[in-house]
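Let me begin by presenting the structure, written as structure tokens, before commenting on it.
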Amino acid sequence: MWLGVIKSGFDSRRPDKKETMEYKKGVIILILVVVLVIWGTHYFSSNQGAENDQQPTKQEEEVAQTDTSALQLAKAYQATIDWEENLTYTLQAQERLITGKPTLFKGYVDDIFRQDEKVFVRIASSFASPINYILELECSQTIVDKLFTHKPSDNAFRKFFDDYAIVAIIKEVTRPAFTLEGSSLSDGDVSISIEPSNLFTAKGVCIDGVYLGEEKLF
């Protein structure tokens, strides 16, 4: 009698075969759901990253538009481009620039002045240029007016970021042997040192130019 009661109680606590199968089935479904969620998250993240890589940012679009404007100007005059690459010595600059052919430059307008009844525009190399140079170009009033279709900034500092593309024929290239550099050690105390110059100066005639926009450094 007691053995029958114990056996009956034991049998009531033990799950039957159907319950065991349903339990296993539930575990398998749960595992599949977890795997699908992980895979879906990874797939979505990968596609989203790829789309972000493929879609240009606003800054990239502006840079591309700037490059296009400069290249269109160069193409119109069959101007030499990429002359700055691997340039170290004055002789290299002279051979590349004093050719009688137009050359494309990019920089900001440092100054405009009149000399011997002629108008000159001084162009300084852009911050993105691998070398430092100053152009002193004789320009017609028509070209000067075209350059300043865009009104220069009233802020003197911001003019350094107004980028222009200039096509010019260069007649002379020089580089000073030395330059003076000053540094302030304290109030009213300035140290002057003589250093080798890395600034090229070129003179010539301006053929055409166009305003590219504000240069983006970052």
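The values are calculated or read from the model by the stated rules, or taken from the named source; none is laboratory data. Because the structure is predicted, anything quoted here is derived from the model rather than measured. A quick note on method: Cβ atoms are made from the backbone with ideal geometry, for glycine too, and the neighbour counts reach across all protein chains shown.
Summary of values
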{"read-out": "First in the stretch 69-87 and under 11 Å from V167 (Cβ atoms), second anywhere and surrounded by 16 or more Cβ atoms within 10 Å (Cβ to Cβ) and at pLDDT below 90, Cβ under 6 Å, 6 or more apart", "value": "none"}
{"read-out": "Exclusive hit being at pLDDT 80 or above and on the phi > 0 side of the Ramachandran plot, set D116, D110, D145", "value": "D116"}
